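Below is one structure; the comments refer to it alone.
What follows draws every value from the coordinates through simple rules; no lab data is involved. The structure displayed is predicted, hence computed values, not measured ones. Cβ placement follows ideal geometry from the backbone for every residue including glycine, while neighbour counts extend to all protein chains displayed.
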Amino acid sequence: MTESFRPVLVIHGGAGAISKESITPEQATNYTQSLANIAKAGIGIIENGGSAVDAVTHAVSLLEDCELFNAGKGSVFTADETHELDAAIMDGLTLKTGAVSIVNGIKNPVQAARAVLRHSHHAFFVGEGAHRFAKEHGLELVSPDFFNTEFRHEQLLHLKKTNTKKAVLDHNAQTLASKRKAPLDENNKMGTVGAVALDSYGNLAAATSTGGLTNKQIGRVGDTPIIGAGTYANNRTCAVSCTGEGERFIELVAAYDISALIEYCQLTIDEAAHKVIEKLTTINGVGGLIAVDTQGNISLPFNSGGMYRAFAYQNEEPRVAIYDEEPFCI
Ligand code: ASP
């Protein structure tokens, strides 16, 4: 890379947020502070000479560990009152990928995805095979009830009371738990997490992790672990992590579409990212994405009520935002 570029790390905690009307100042602070801390930790890896792959793995691991978000601990429940977690990672330099799906015994699914990328000649493991692979590579294993949280269980019970067979996007925990009057807008509550980064060597990477949809049928796989749909990175173009109704992102091959629009149509990252969100709207899909190009230009569009998001350029303070305000420092 000859032109100058700005190393950066961008994260999301899901497209859709507690409605502006119902979020309390404490909740807003909780989210923004967590996002800022995680963005700072992620860019710290890059500032210390780490790779984009290291930075997105670390940031997504921290997001998985944070119960506010629907990934790792804090993941939503399936219709069978179990958890099935998905994660993927892609290295823009080598185009190598790693993904796991339908796992419930690996503490940090993104680290399992990373282990697949690094150690396997396969790209994608599911269920029992993914657990076996994680064990063989020394990852931290947990019992399935590790992922149980009361507020997610309440979400499922609440949904089941409505007698729906439908799987729905993540609802914000506190909104339910506090029984505030905010409507449970099924299209506006998503808590998947993701990160994209450009490191100081000019390499791009993307990672995404999710518990999926509340009340999803067991065996259902969304866009998150599907390379090209929910996650994509290529040093020629960009790195992308998506959040939203997975089936729609799969239909659009959304993350790869952004890369293709840049590579074949010479769109800027912002034009390409917005184009894909426009397409999503056209097919009645709801969600958002984070994207970074080879220069460190970023785009964070969404068509939902909000998207938990933050970014940090090297040696700068992180900026965070939830709704359609300009990202700000806290
Ligand atoms: N994309 C995720 C899925 O469909 C859900 C989300 O973004 O919250 O599994």
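Projecting the Cα positions of 264, 49, 77 onto the charge dipole of the chain (unit charges on Cβ atoms of Lys, Arg, Asp and Glu, taken about the Cα centre) puts 77 furthest along the positive direction. Put simply, the C-alpha atoms of the chain give a gyration tensor, and the ellipsoid matching it has half-axes of 27, 22, 18 Å, longest first.
Remark: the residue 329-residue 145 segment gains 62.6 nm on full extension, using 0.36 nm per residue and subtracting the alpha carbon distance.
Across the range 179-330, the convex hull enclosing all Cα atoms gives 121 Å³ per residue. Computed over neighbours whose Cβ is under 13 Å from that of residue 203, the net charge equals -2, Lys and Arg +1, Asp and Glu -1. In a DSSP loop and with at most 16 other Cβ atoms within 10 Å, the chymotrypsin sites (Phe, Trp or Tyr not before Pro) in the range 249-330 are 323.
Could you tell me the center-to-center distance, by alpha carbons, between the range 1-32 and the range 285-316 in angstrom? Here the answer is 8 Å between Cα centres.
Taken about its Cα centre, the range 1-81 carries a charge dipole of about 300 debye when Lys and Arg each add +1 at the Cβ and Asp and Glu each add -1 at the Cβ.
Beyond 27 Å between alpha-carbons counts as too far, so tell me which of 73/166; 166/275; 40/107; 216/279 fall in that bin.
Numbers: 73/166 23 Å; 166/275 29 Å; 40/107 22 Å; 216/279 24 Å.
Going by Cα-Cα distance, 166/275 fall outside the 27 Å limit.
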